[in-house]
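This report concerns only the one structure given below.
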Amino acid sequence: MGFMLKQIVRLILMLWGITVLAFVFFEVAQTTLPSEDQTGFTHFENYQIFMSSMLEGDFGTLHQGGEPVLTEFFHKLPASTELIFTAIIIAWLVGLPLALLAVKKPMGITDRTIQLIGTTIYSLPVFWWGIILLIMFATGLEWFPVGGRLDYIYAIETVTGSALIDTLLSSKVYAQEAFWDAVYRMVLPVTTLAMLPTAYVTLQIRAGMEEILQHDYMKSAKARGMSIRRILWLHGLPNAVQPVLNSMSMQFSMLVTSTIIVEFIFSWPGIGHWFLILIQRQDYDALRGALILIASMILLLNTTTDVLRYWSNPRLRR
Amino acid sequence: MALYIDRYGEQQLMHPIQGFWHLYKTNNTAMFGLLILSLIALILILSPLLAPYEANAQFIDALLSSPSWSENGRIEFLFGTDDLGRDIFSRILIGGRTTLSTAMLVVFFAALVGVLAGLISSFIGGWFDKITSSVIELFMTFPSLITSLLVVAILGPGLVNSAIAVSFAMLPHFFKSTRNAMLTQMKKPYYAAARLDGARGIRLLTITLLPNITNAIFIQFSLSLSTAILEISTLGFLGFGAQSPLTEWGAILGESRSYSYQAPWTIWLPGLSMLVTIFSINLVGDGIRETFESDHHLR
Amino acid sequence: MNLLQIEDLSVSFPSLYGEICAVSNSSLSLKPGEIRGIIGESGSGKSVLAQALLGLLDPSATINFDFYSFDDTIVTKSDYDVIRQGASIIFQDPSTSLNPSKTIGNQLWETLYLHHKDASRDFLKQESLKLLHDVGLSTPESLLRTYPHQFAAGVNQRIMIALAIACSPKLLVADEATTNLDMTIQSQILDLLSKLSREREMAVIAITHDFAILAETTDTTSVMYCGYILETGPTRDLLTHPRHPYTKALVSSIPQIGPLRKSRSHLYALKGNVPPAHKVPVGCPLGPRCPRAGKICVQLPKYQNEENRHYRCHYPLEDSLWEEHL
């Protein structure tokens, strides 16, 4: 139980730290800007006002339109989560088998090819690759739509905010049709988004497996007459996955960065797109709220994976 | 009486740099990367001489002209022209110069500040280090693009501001890798021995520890270069980076996006040159890392 | 009848200096139930030899042999299944030779299951408890649900041995299996190994650089230097009457305590250092360091057989000469 308590305390401390960091950042910024409304408060008083309003759930309002940032954030969140989670699932589904395929014969032809493709993907500017996919498959071959989440002809009631789940839940006659439209529209953005994490998972697990194969326990398992496949999947993988799970927070960060670009290119109405608009409007009040909310989301996810990792790893759990 | 004299005297040891090169040479992919990278560097350094036109020279009679090898292409515009009739080949050459030199400056600046902070923080240790590293860790929960976008939002768009933004977002990585390397080294017996011998302060830091963490810094440096190029061009692409008349790879792609369907070459060619550049940098970076990692095989 | 026989085994690795031979033209034969010690300085190729026998080396290694049979079956370079089914290996560091993310029971069950495919759960459990009991662990019941990191090295090595004998091997390779352990634990593990070997008629290849282990546990001994097996023979005979000058040098380097202690002048030390792997001399590897070497030593000596002794030397030490040196 000590672990859980520690994690919760840590999470609260870090959440508080984020508010301070965001506050300081924008406070410093505003002193450099020609400000319209000098309130005459000290920084500390400003912080008190900021914190107390935030604890009441007020993360600021949009300069244009005047909606609360919090509502707007949760309104945009499902679209982004849909992209990110599909990308992560694809990354693991594709990356794991590829890594195992590569490590079957280290430095063989397959392994080298997989590594080369991985390095190429690492070098790929996401924004360029997104446009290339658009040129080739959307405007060129016309296989996929250019952007958006769902065709406007479908009036699907919002339940969870996720287009995939909502269309499945919907009782409209065209619900199924709408579901496939939603899937269809996700193909290109998700492909663009999933490239980098797929390469990451593949290369990291491959490297981990290669190292683990040198361990004595793999050798002795082999000597006891176990098949290669059994050794790779049952003995190597659980240990090779650990460091990749360790770097989950980095992966989330990486994904959020790509998501902003992908949402911009494919006009995807998610957090990233919204954030860019706020930046263009220079809506600092809303930006501060959005920054805190995004960082808190990432922190929450990190803590969750930490806890999951703790429960799945016997070496950590004593 | 022995018939042979002892033939196994001490081996001639190589200087570390010589040894590094000796190992690096054996890595074919890394050597290939280095070759391509040197070629690109040479071309970009000489680009004012090599570029046939000014980056912003407009040819009204040749708007959206195809690349020279296609049917309606014109030989005087090797890679074709954009919607304003500007020669893409010249723009790639001159834009690449901007992107690459900015990226190098960015990494250099981030490394300077990040490494210094990391050194000092880990060397002082205790509460100071704990607080500093937690703040940095907190800072790293903000995705890099969000951080740099915010900085640009406040400072305003432009090449210099985007460079500041990217180095700001990159700082924590240098801090972290320096600190990690320092903490590993400070656990080793030689450090304890040096302290027992009476070494302290700046001397302990610079003479005892610093030489042993240069590898880690160097690896981080080489890995950051490609990230810096990607982030600077991303900001350029989104319109927050270099503003016209300055040319920059990301900005070229950002401008071409609106007519990418009519003129795909305006997307393909600048992007491909970016890809090749970053790819070769990554190959070299991987080569450097692998060489350092396999260093212990070199006796 | 030999349990294991391998002729002319060579193993080489690519390196910065070209191909390095880690094991050169070595032959080895082993009778059922025999405990064979392999001794040599570090880098002499003992571990590589042992791992090559089981096909455990890195794919970058080039392995060549003329003939290899195990338990009357031919082993080929592409198929080590025969020997892997009938052999096991234990390593130096017990903390890394057990899978850290699986319970001990789990690892035992898995190995047992692979060798008794249609056994019931109860049988497997009884069997694993018996194994743990056999290796001298008390309260085996509670061990099954624990992880390797929870134990001391000695206990882990016992578990490792239990795991190794779970597939009832005919051959157990112990690669420096006791080097990392404390003195008292070391002798316990050695006793355990020889007991198991006797009870189960299991041959053991014990790789070591410790003469005490050799003298105490092994029946026969091979001496390795620079990738070559220089001498093989019954342990006692080999240690008291070495034929090869290198064996003699090794034996003389053992520090003695008490009445047997020799004065320093009698220590038979070789000149120079062990050559690096890429500079092993042509011919007899010991050549340049050997006090008895002659011109012919630039040629690799063939194995000379003498009752149950084999050695590679042009100028072997005679029994009479040995007395003189003493």
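The values are calculated or read from the model by the stated rules, or taken from the named source; none is laboratory data. What you are looking at is a predicted structure, and each value in this text was computed from that prediction instead of being measured. All Cβ positions, glycine included, derive from the backbone under ideal geometry; neighbour counts span all protein chains shown. Note: areas computed on protein heavy atoms with side chains; ligands, DNA, RNA excluded. Shrake-Rupley method; radii C 1.70, N 1.55, O 1.52, S 1.80 Å.
With every protein chain present, what is the per residue accessible area of chain C (1.4 Å probe, Å²)?
Roughly 45 Å² per residue, with all protein chains present.
Working with all protein chains in place, sort A:Lys6, A:Lys222, C:Lys195 by solvent-accessible area computed with a 1.4 Å probe, largest first.
A:Lys6, C:Lys195, A:Lys222
Given a cut-off of under 8 Å on Cα pairs at least six residues apart, what relative contact order in percent is computed for the stretch B:200-299?
It comes to 27 percent, rounded to a whole number.
What nm distance separates the two modelled labels at A:Ser296 and B:Leu50, each placed 7 Å from Cα along Cα→Cβ?
5.2
Leaving ligands and nucleic acids out of the surface, order B:Thr132, A:Thr61 by accessible area at 1.4 Å, largest first.
Output order, biggest surface exposure first: A:Thr61, B:Thr132.
Please list, by residue number, everything in the stretch A:109-123 whose backbone N is under 16 Å from a paramagnetic label point 7 Å out along Cα→Cβ of B:Asn28.
Within reach of a label on B:Asn28, which here means backbone N under 16 Å from a point 7 Å along Cα→Cβ, the stretch A:109-123 contributes A:109-117.
Return the whole-Å distance between the Cα centroid of the stretch C:147-212 and the Cα centroid of the stretch A:192-225.
29
Using protein heavy atoms only (no ligands, DNA or RNA), what is the total accessible area buried between A and B, 1.4 Å probe, nearest 100 Å²?
3900
Give me the orientation-averaged projected area of the Cα convex hull of the stretch B:157-234, in nm², one decimal.
The Cα convex hull of the stretch B:157-234, projected and averaged over all directions, gives 5.9 nm².
Taking K and R as +1 and D and E as -1, what net charge do the other residues with C-beta under 11 Å from the C-beta of C:Cys297 add up to?
+4
At q = 0.19, 0.21 Å⁻¹, what log₁₀ I(q)/I(0) does a Debye calculation on the Cα points of the stretch C:51-130 give, no solvent, two decimals?
-1.00, -1.07
Multiply the residue separation of A:Asn246 and A:Met107 by 0.36 nm, subtract the distance between their alpha-carbon atoms, and state the gained length in nm to one decimal.
47.5 nm
Which far-off residues, 5 or more places away or on another chain, put their amide H under 5 Å from the one on A:Thr61, with H placed in the peptide plane?
Residues meeting the amide H criterion: A:Val69.
Cα-Cα pairs above 27 Å in the stretch B:13-154: how many percent?
For the stretch B:13-154, the share of Cα pairs beyond 27 Å comes to 56 percent.
Could you work out Rg/(2.2 N^0.38 Å) for the protein assembly as shown, with Rg from alpha carbons only?
Numbers: Rg = 34.1 Å, N = 943, 2.2 N^0.38 = 29.7 Å.
In units of the 2.2 N^0.38 Å rule of thumb, it is 1.15.
Carbon-plus-sulfur fraction of the accessible area of the stretch C:1-59, 1.4 Å probe, in percent?
Working: 1050 of 2020 Å².
Result for the stretch C:1-59: 52 percent of the exposed heavy-atom area is carbon or sulfur.
List the pairs from B:Lys130/B:Lys176; A:Lys105/C:Lys102; A:Lys222/C:Lys77; A:Lys219/B:Lys187; A:Lys104/C:Lys77; C:Lys117/C:Lys195 whose alpha-carbon separation is above 22 Å, in the order I gave them.
Numbers: B:Lys130/B:Lys176 12 Å; A:Lys105/C:Lys102 25 Å; A:Lys222/C:Lys77 15 Å; A:Lys219/B:Lys187 31 Å; A:Lys104/C:Lys77 17 Å; C:Lys117/C:Lys195 28 Å.
Pairs exceeding 22 Å: A:Lys105/C:Lys102; A:Lys219/B:Lys187; C:Lys117/C:Lys195.
Under a Cβ-only charge scheme (Lys and Arg +1, Asp and Glu -1), can you give me the dipole magnitude of the stretch C:134-258 about the Cα centre, in debye to the nearest 20?
100
Helix-only mean residue ellipticity at 222 nm, the protein assembly as shown, DSSP H runs n ≥ 4 weighted -39,500 (n - 2.57), per residue, nearest 500. What is it?
The helix-only estimate for the protein assembly as shown comes to -18500 deg cm²/dmol at 222 nm.
So with the 1.4 Å probe, I'd like the accessible area per residue for chain A, rounded to whole Å².
Value returned for chain A: 48 Å² of accessible area per residue.
Tell me, what is the percent relative contact order of chain C, built from C-alpha pairs under 8 Å that lie six or more residues apart?
20
Which whole-Hz ³J(HN,Hα) couplings does the stretch B:66-76 yield from phi under the Karplus relation 6.51 cos²θ - 1.76 cosθ + 1.60, θ = phi - 60°, glycine and proline marked x?
Couplings: 5, x, 5, 7, 7, 4, 9, x, 10, 5, 6 Hz.
Could you compute how fast chain A diffuses translationally, taking Rh as the Kirkwood radius over C-alpha pairs and applying Stokes-Einstein at 10 °C with viscosity 1.306 mPa s? Give it in µm² per second.
Translational D for this selection: 70 µm²/s.
Please go through the stretch C:170-219 and write out the GluC sites (Glu not before Pro) that DSSP classes as loop and that have at most 13 other C-beta atoms within 10 Å. Don't skip to the end; give the middle numbers.
On the way: sites: C:Glu176, C:Glu199, C:Glu201, C:Glu216; in loops: C:Glu176, C:Glu201.
Sparse-neighbourhood loop GluC sites (Glu not before Pro): C:Glu201.
Would you list, by chain and number, the lysines whose Cα falls below 25 Å from the Cα of C:Lys248, excluding same-chain residues fewer than 8 positions away?
Once the sequence-local lysines are set aside, what remains near C:Lys248 is C:Lys46, C:Lys262, C:Lys271, C:Lys279, C:Lys295, C:Lys302.
Read phi for every residue in the stretch B:143-154 and hand back ³J(HN,Hα) as whole Hz from Karplus 6.51 cos²θ - 1.76 cosθ + 1.60, θ = phi - 60°, with x for Gly and Pro.
Karplus-based 3J(HN,Hα) across the stretch B:143-154 equals x, 4, 5, 5, 4, 5, 4, 5, 4, 5, 4, 7 Hz.
Skipping prolines and chain starts, which residues have an amide H placed within reach, meaning under 5 Å, of the one on C:Val204, given they are 5 or more residues away or on another chain?
C:Glu34, C:Ile35, C:Arg36, C:Leu172
Shielding by partners for C:98-104, please: the mean number of other protein chain Cβ atoms within 10 Å of each residue's Cβ.
Values: counts 4, 12, 8, 11, 6, 1, 0.
Per-residue shielding by partner chains comes out at 6.
With a 1.4 Å probe and all protein chains kept in place, how much accessible area does C:Glu41 have, in Å² rounded to the nearest 10?
The accessible area comes out at roughly 70 Å².
Using Cα pairs closer than 8 Å and at least 6 residues apart in sequence, work out the relative contact order for the stretch C:43-177, in percent.
Normalised by residue count, the contact order of the stretch C:43-177 is 35 percent.
Starting from the Kirkwood Rh over alpha-carbon pairs, what translational D in µm² s⁻¹ does the stretch A:182-314 have by Stokes-Einstein at 20 °C and 1.002 mPa s? If you can, show how the numbers build up before the last one.
Values: Rh = 17.6 Å.
For these conditions, the coefficient is 122 µm²/s.
Determine, from the Cβ-Cβ distance of C:Glu19 and B:Thr206 and an R0 of 35 Å, the FRET efficiency 1/(1 + (r/R0)^6), rounded to the nearest 0.05.
My answer for the efficiency is 0.25.
Taking the Cα centre of chain B as origin, sum charge times position over the Cβ atoms of Lys and Arg (+1) and Asp and Glu (-1), and report the length of that vector in debye to the nearest 20.
The dipole magnitude comes to about 1140 debye.
Per 5 Å bin, what percent of the C-alpha pairs of chain B does each bin hold, from zero upward?
All Cα pairs, binned at 5 Å, distribute as 1, 5, 10, 12, 13, 13, 11, 10, 8, 6, 4, 3, 2, 1, 1, 0, 0, 0, 0 percent.
Dividing the alpha-carbon Rg of the stretch A:61-106 by 2.2 N^0.38 Å yields what?
In units of the 2.2 N^0.38 Å rule of thumb, it is 2.04.
On the first, second and third principal axes, largest extent first, how far apart are the outermost C-alpha atoms of the stretch C:30-77 in Å?
32, 27, 17
Compute log10 of I(q)/I(0) for chain C with the Debye formula, placing one identical point scatterer on every Cα and leaving out solvent, at q = 0.14, 0.16 Å⁻¹, to two decimals.
-1.13, -1.39
With everything on Cα atoms, drop me the angle between helix A:43-55 and the longest principal axis of chain A, reported from 0 to 90° to the nearest 10.
For A:43-55 against chain A, the angle is about 70 degrees.
Where the eigenvalues come from the Cα gyration tensor of the stretch A:236-318, what are the semi-axes √(5λ) of the equivalent ellipsoid, largest first, in whole Å?
Equivalent ellipsoid semi-axes, largest first: 33, 15, 7 Å.
FRET efficiency for C:Tyr113 and B:Glu293, Cβ-Cβ distance as r, R0 = 41 Å, nearest 0.05?
0.60
With each label point set 7 Å from Cα along the Cα-Cβ vector, what nm distance links A:Ser52 and A:Thr120?
6.0
Put one equal scatterer on each alpha carbon of the stretch B:194-241, apply the Debye formula with no solvent term, and list log10 I(q)/I(0) at q = 0.20, 0.21, 0.31 1/Å to two decimals.
Log10 I(q)/I(0), no solvent term: -0.71, -0.74, -0.99.
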